[in-house]
Amino acid sequence: MLHSIQERYGEKLRATDGEIGHVRDFYLDDKNDWSVRYVVADTGGWLPGRLVLISPHALGRLYPKGEVLLVNLTREQIEKSPSIDEHKPLSRQYEEEYHRHYGYPYYAEAWPLWGLAEYPVMAPPPPVAQAKHGGADSHLRSTRFIKGYKVQATDGLIGHLADFLIDGRTWKIPEIVVETGH
């Protein structure tokens, strides 16, 4: 089933032991496979002024829009996770640190295996000592930021990007919504 990303903004997030905030944004991989890599959680009054990433590993399947999106993490795990600055790009080093923090499988540009199964089947991130510094651009883009981009066909402009449709099982974006106009 496909879900509108626009309709998910503001949806409440609940950890295994309490509410943690709401969905602020989604980061997608615009180079390899157009999969959602992270949900950006605004921790609101719980951790004021802090944004954290939640991987689809912690969310499981995306179900029809409800009042709450369940996160399979504790509040303490989220509180200790690396925070982000939404005005700066995510570096490869940040992603490696994030995946090490949660013990999640790691994806990388050279291993585009996300989407072959319901979840990525990948090696763990490299040890800290082996991590490359100044690595390649991770190609993560904010869905809030790129909404509104012009969409052009081979014969000219057809409109602008209005929404993304996400597959609730795989977290891939198989379709976009284009608003056409004059």
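The values are calculated or read from the model by the stated rules, or taken from the named source; none is laboratory data. Everything quoted here is computed from the prediction, not taken from an experiment. Methodologically, a virtual Cβ is constructed for each residue, glycine included, from the backbone with ideal geometry; neighbour enumeration extends over all protein chains shown. SASA here: full protein model, heavy atoms, side chains in, ligands and nucleic acids out. Shrake-Rupley method; radii C 1.70, N 1.55, O 1.52, S 1.80 Å.
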Residues satisfying the stated conditions in segment 57-70, i.e. open to solvent by less than 40 Å² (accessible area, probe 1.4 Å) and assigned to a strand (DSSP E or B): 69
Count - residues of segment 152-172 that are open to solvent by 70 Å² or more (accessible area, probe 1.4 Å), part of a strand (DSSP E or B) and in contact (Cβ under 8 Å) with a residue 40 or more places away in the chain: 0
Single match in 73, 90, 47, 53 (criterion: assigned to a loop (DSSP other than H, G, I, E, B) and under 13 Å from the mean Cα position of the chain (by Cα)): 90
Selection status of residue 19, at pLDDT 90 or above and either over 24 Å from residue 178 (Cβ atoms) or in contact with a strand residue (DSSP E or B) (Cβ under 7 Å, 6 or more places away or on another chain) (or both): yes
Segment 5-27, residues that are more than 12 Å from residue 67 (Cα to Cα), within 14 Å of the chain's Cα centre (by Cα) and open to solvent by 10 Å² or more (accessible area, probe 1.4 Å): 6, 24, 27
Any hit, segment 85-100, residues being over 17 Å from residue 166 (Cα atoms), surrounded by fewer than 18 Cβ atoms within 10 Å (Cβ to Cβ) and in contact with a strand residue (DSSP E or B) (Cβ under 6 Å, 6 or more places away or on another chain): yes
